[in-house]
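The values are calculated or read from the model by the stated rules, or taken from the named source; none is laboratory data. Note that the structure is predicted; figures quoted are calculated from it, not measured. Reconstructed Cβ throughout: ideal geometry from the backbone, glycine too, with neighbour counts over all protein chains shown.
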Amino acid sequence: MFIYLENLCFTYSLGMPFETEVLKNIDLKIDQGEFIGLIGHTGCGKTTLIQHFNGLLTPTSGKIYVDGVDINTKGTNLKLIRQKIGLVFQYPENQLFEETIYQEIAFGPRKLGLPEEKIEKRVREALKMVDLDYEFYAERSPFSLSGGEMRRVALASILSIRPKMLILDEPTANLDPQGRDNILSEIKKIHDNFGTAVILVSHNMEKVAETVKRVLVMHRGEIIIDGTPQDIFEKHATDLIKVGLGLPQVTECMHKLKAKGKDVYTGVLTVDEAESEILKKCKI
Amino acid sequence: MRILRNISFGQYIPRDSLVHSLDPRIKILSCLAIIIALFLIVKFSGYLILGSYILISIIISKVHPKYVFRGLRPILFIIIFTLIIHLFMTEGKVIYQVGFLKITQEGLIKGLLISFRLFILILTTSLLTLATSPISLTDGIERLLSIIKFTGIPAHEIAMMMTIALRFIPTLLEETEKIMKAQISRGADFESGNIFNRAKNLIPILIPLFVSAFRRADELAIAMEAKCYRGGEGRTHYRELKINQIDILTLSLTMVIAIIVSIMF
């Protein structure tokens, strides 16, 4: 087990007039190499939850174990934890600051105290992971890039510390459909090739559900549903709609078919799956 | 990150009270009168009177004293420092001596007086900002400044700048916190190292912060132009400030107290 949360609670501005309970009794186990979608309505506590994973926030009560270590006991080397868990914030392009893309991506490895030749190797590797050409990009300024490219550089700057787990907060926000597909397929490649565990945080089921293997649905600071995407769309469709999260269009279509009396499987995620399911049922 | 949460600057606490409902101009002028009086007083009894006046105002304002006194925390060091300096550095009748350090009676009195002065000063201004929303505060400043507009002071522009600055303090703090967290996640360390390293470690925060602040300023300027903003000339106000009898009574009371204590004590 890689991450283990035990009865985690978190309250913002404890003891102040604006006190708000953001996370309530969260129990969660995440294994090495999992591919998870964390989905919930805006303001449900997703971002707050993931900031607990690498010790940026300290829980009001409850425990977090990463790789068997309780990260909130005194003397825990949080730098080590943050190296294991790469957290990519929403709009990560806003964190870029170096003069060249090379320096930007080298920031993390440099802070780890690696020798220069290893750093260069990691920069090459990270740029390759996000599909950017080293020769073309390394010496450019990160501020001269397009939005999509900036986001990839920011992603590469986390990948260069070689985390065992990658957490991405809304990685596709504000990207055009092609940029979104590119980022998602790069993340999938990283997961497949390096066995990196991935948590994709999003408020949008569409696309994310196709990619991940397990979905956690959050609502008002609690994880209310935990299961495979197929399972969730098949059995918990009404719950999802109730908490304000729509279904992917194709899944909704299947649910409507079922409501009309057609006996189709509703746990489909893509148009292709839906097509073959409908064809299968038509032939009978 | 802890530090960013503790800034109480301009943290308006909405309550339904007499102090809150006063005209901002009245509150600013009253504070000014008290501050001037504070610097004229030379006796403890004067501070006692002004201090209790402020304490009564705090009670009337329904703002929990906890928040008012929190404003004192940052300058507590300065108060203690001045007290110590006065204790040891004033010539006069020695009342206590350790080695070459001696405490004099004059020093004690002077130090305490100045401490009281700073103490009440901060309480007064804290109460003003806690019980007046930033918007009405700048409104008040704008109207007060426009009285002396003939001197060439751009009252509206100053007020607008203050409004925008106040409006963006929380935004920038939030942004700073976000960037800090992002850089910490990338391996940055803001808590260890000597002072030079720490200063150097701020670069990954400052550059993104400036980039986004400039971008925000740009966007705001465009948005303001899109709404046909043309400066203060001929501009009307959504909230018209009106002075009523309670306002006049409050200001008179404050003025009378301020004048009496500055003359008599």
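Here is a yes/no grid of residues against (1) within 27 Å of B:GLU157 (Cβ to Cβ); (2) hydroxyl-bearing (Ser, Thr, Tyr); (3) touching a residue at least 60 places away in the same chain (Cβ under 8 Å):
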| position | (1), (2), (3) |
| --- | --- |
| B:PRO170 | yes, no, no |
| B:GLY187 | no, no, no |
| B:ILE203 | no, no, no |
| B:ALA217 | yes, no, no |
| B:LYS242 | yes, no, yes |
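Given the criteria part of a loop (DSSP other than H, G, I, E, B), surrounded by 15 or more Cβ atoms within 10 Å (Cβ to Cβ) and away from chain B (no Cβ under 11 Å), does A:CYS9 qualify? Before you say what the answer is, go through the steps one by one.
Details: part of a loop (DSSP other than H, G, I, E, B): no; surrounded by 15 or more Cβ atoms within 10 Å (Cβ to Cβ): yes; away from chain B (no Cβ under 11 Å): yes.
No, not satisfied.
Does A:SER157 satisfy the condition of being among the hydroxyl-bearing types (Ser, Thr, Tyr), surrounded by fewer than 18 Cβ atoms within 10 Å (Cβ to Cβ) and assigned to a helix (DSSP H, G or I)? Show your work before the answer.
Values: among the hydroxyl-bearing types (Ser, Thr, Tyr): yes; surrounded by fewer than 18 Cβ atoms within 10 Å (Cβ to Cβ): no; assigned to a helix (DSSP H, G or I): yes.
No, not satisfied.
Output the residue which, of all residues in segment A:72-82 that are of a type outside the set (D, E, K, R) and over 20 Å from A:GLY45 (Cα atoms), is farthest from the other protein chains (Cβ to nearest Cβ). Working first, answer last.
Within segment A:72-82, the subset of a type outside the set (D, E, K, R) is A:72-73, A:75-78, A:80-81.
Subsequent filtering for residues that are over 20 Å from A:GLY45 (Cα atoms) retains A:73, A:75-78, A:80-81.
Working: A:THR73: 18, A:GLY75: 14, A:THR76: 14, A:ASN77: 12, A:LEU78: 9, A:LEU80: 11, A:ILE81: 10 Å.
So the residue we want is A:THR73.
Going by the structure shown, is B:SER192 within 30 Å of A:ASP169 (Cα to Cα), within 14 Å of chain A (Cβ to nearest Cβ) and touching a strand residue (DSSP E or B) at 6+ places or on another chain (Cβ under 9 Å)? Spell out the reasoning first.
Details: within 30 Å of A:ASP169 (Cα to Cα): yes; within 14 Å of chain A (Cβ to nearest Cβ): yes; touching a strand residue (DSSP E or B) at 6+ places or on another chain (Cβ under 9 Å): no.
No; evaluated as a whole, the condition is false for this residue.
Scan segment A:189-210 residue by residue and report those that are touching an Asp or Glu at 6+ places or on another chain (Cβ under 7 Å) and either acidic (Asp, Glu) or more than 18 Å from A:THR270 (Cβ to Cβ) (or both). Can you show your working first?
Here is the first cut: in segment A:189-210, the ones touching an Asp or Glu at 6+ places or on another chain (Cβ under 7 Å) are A:197, A:201-202.
A:ALA197, A:VAL201 - these are the residues of segment A:189-210 that are touching an Asp or Glu at 6+ places or on another chain (Cβ under 7 Å) and either acidic (Asp, Glu) or more than 18 Å from A:THR270 (Cβ to Cβ) (or both).
Find all pairs meeting these conditions: Cβ atoms under 7 angstrom apart; at least six residues apart or on different chains; first residue within segment A:89-109 and under 20 Å from A:LEU168 (Cβ atoms); second residue assigned to a helix (DSSP H, G or I) and among the hydroxyl-bearing types (Ser, Thr, Tyr).
Cβ pairs passing all conditions: A:ASN94/B:SER212; A:ILE101/A:TYR137; A:GLU104/A:SER157; A:ILE105/A:SER157; A:PHE107/A:SER157; A:GLY108/A:SER157.
Can you go through B:LEU87, B:LEU144, B:LEU123 and tell me which one is under 25 Å from B:LEU22 (Cα atoms) and either surrounded by 17 or more Cβ atoms within 10 Å (Cβ to Cβ) or touching a Gly at 6+ places or on another chain (Cβ under 7 Å) (or both)? So that I can check it myself, show each step before the final result.
Details: B:LEU87 fails: under 25 Å from B:LEU22 (Cα atoms); B:LEU144 fails: either surrounded by 17 or more Cβ atoms within 10 Å (Cβ to Cβ) or touching a Gly at 6+ places or on another chain (Cβ under 7 Å) (or both).
Answer to the check: B:LEU123.
Considering only helices (runs of 4 or more DSSP H) fully contained in segment B:153-265, which possess at least 2 residues that are among the basic types (Lys, Arg) and at negative phi? Break it down stepwise before answering.
Numbers: elements: B:155-185, B:195-201, B:203-226, B:245-264.
Once the helices (runs of 4 or more DSSP H) in segment B:153-265 are filtered for at least 2 residues that are among the basic types (Lys, Arg) and at negative phi, what remains is B:155-185, B:195-201, B:203-226.
Only one of these is at the interface with another protein chain (Cβ under 10 Å from one of its Cβ atoms), at pLDDT below 90 and in a loop (DSSP other than H, G, I, E, B): A:GLY55, A:GLY43. Name it.
Numbers: A:GLY43 fails: at the interface with another protein chain (Cβ under 10 Å from one of its Cβ atoms).
A:GLY55 is the lone residue from the list that is at the interface with another protein chain (Cβ under 10 Å from one of its Cβ atoms), at pLDDT below 90 and in a loop (DSSP other than H, G, I, E, B).
May I ask you to verify whether A:SER160 is hydroxyl-bearing (Ser, Thr, Tyr) and free of Cβ contacts under 8 Å to residues at least 24 places away in the same chain? Talk me through it step by step, then tell me what you get.
Numbers: hydroxyl-bearing (Ser, Thr, Tyr): yes; free of Cβ contacts under 8 Å to residues at least 24 places away in the same chain: no.
So A:SER160 does not fit the description; no.
Within segment A:101-153, track down each residue that is assigned to a loop (DSSP other than H, G, I, E, B), closer than 27 Å to B:LEU209 by Cα and either of a type in the set (Asp, Glu) or within 14 Å of chain B (Cβ to nearest Cβ) (or both). Break it down stepwise before answering.
As a first pass, look at segment A:101-153 and keep what is assigned to a loop (DSSP other than H, G, I, E, B): A:112-115, A:130-133, A:138-141, A:145-146.
Now drop any that are not closer than 27 Å to B:LEU209 by Cα, which leaves A:112-113, A:130, A:132, A:138-141, A:145-146.
Scanning segment A:101-153 gives A:LEU112, A:GLY113, A:GLU139, A:SER141, A:LEU145.
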